[in-house]
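Okay, so here's the structure we're looking at.
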Amino acid sequence: MPGAYLWGYDRENKVWVRLSVSDKGDLTPFLPLAEGWLYDQANNPAANQVIVDTGQMVAGYYDVEVYMYSTSTANHTVGVEHRNAANAANLYSHSASVRDTVPAFPFCLKKHSIGGNERIRVINYSGGVTGWVLATIIWRRIAT
């Protein structure tokens, strides 16, 4: 699966890194361009399992990039959700079908309004997934 990458912040060394999905040991420095970043993964995730969540965010307008990737050989659905402050309902959602033959699926929200304590998360909608689901969320607040 060459060419599939996820971006993240290495908190220990305080540098941005490019993680090769095909070789999890290949880390390449990347310049810090974002306000925040989160990456996580789940092996054989259950239906409706959250893969990564920003937690509560400060109100403002954001540019948000989400990258999703899967090692599963079967199509399954992964979603990007903008959740309300109580984390009880979606204010916006988008889903995509992913699998091992599809490169890291990018999704962008530009100038997206996020209220105080709202969050962005990636969730695996499908049950019975065999393999890894990986997701990265990168965000930058561009206005209050």
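Kindly indicate whether residue 99 is closer than 16 Å to residue 41 by Cα and either surrounded by 14 or more Cβ atoms within 10 Å (Cβ to Cβ) or in contact with a Cys (Cβ under 8 Å, 6 or more places away or on another chain) (or both). Yes: the conditions hold for residue 99. Against the conditions (1) surrounded by 13 or more Cβ atoms within 10 Å (Cβ to Cβ); (2) modelled with pLDDT under 90; (3) hydroxyl-bearing (Ser, Thr, Tyr); (4) over 15 Å from residue 123 (Cα atoms), residue 28 satisfies every one except (1).
Under the condition of being part of a strand (DSSP E or B) and under 15 Å from the mean Cα position of the chain (by Cα), which residue from segment 44-61 is surrounded by the most Cβ atoms within 10 Å (Cβ to Cβ)? Talk me through it step by step, then tell me what you get.
The initial filter retains those residues of segment 44-61 that are part of a strand (DSSP E or B), namely 49-53, 60-61.
Checking which are under 15 Å from the mean Cα position of the chain (by Cα) leaves us with 49-53.
On the way: 49: 15, 50: 16, 51: 23, 52: 20, 53: 18.
Restricting to residues being part of a strand (DSSP E or B) and under 15 Å from the mean Cα position of the chain (by Cα), the top hit is 51.
For segment 106-124, indicate whether the set of residues that are surrounded by fewer than 15 Cβ atoms within 10 Å (Cβ to Cβ), without any contact (Cβ under 8 Å) to a residue 12 or more places away in the chain, out of contact with any Ser or Thr (no Cβ under 8 Å at 6 or more places or on another chain) and among the hydrophobic types (A, V, I, L, M, F, W, C) is non-empty. Taking every residue of segment 106-124 in turn, none turns out to be surrounded by fewer than 15 Cβ atoms within 10 Å (Cβ to Cβ), without any contact (Cβ under 8 Å) to a residue 12 or more places away in the chain, out of contact with any Ser or Thr (no Cβ under 8 Å at 6 or more places or on another chain) and among the hydrophobic types (A, V, I, L, M, F, W, C).
Applying the selection to segment 95-118, what residues are in contact with a Gly (Cβ under 6 Å, 6 or more places away or on another chain) and basic (Lys, Arg)? Matches in segment 95-118: none. Across segment 74-95, not a single residue is classified as crowded, with 16+ Cβ neighbours inside 10 Å and of a type in the set (Phe, Trp, Tyr).
The values are calculated or read from the model by the stated rules, or taken from the named source; none is laboratory data. Remember, predicted model here, so these are calculated numbers, not experimental data. Don't worry about glycine lacking a Cβ; one is built from the backbone with ideal geometry, like all the others, and counts go over all protein chains shown.
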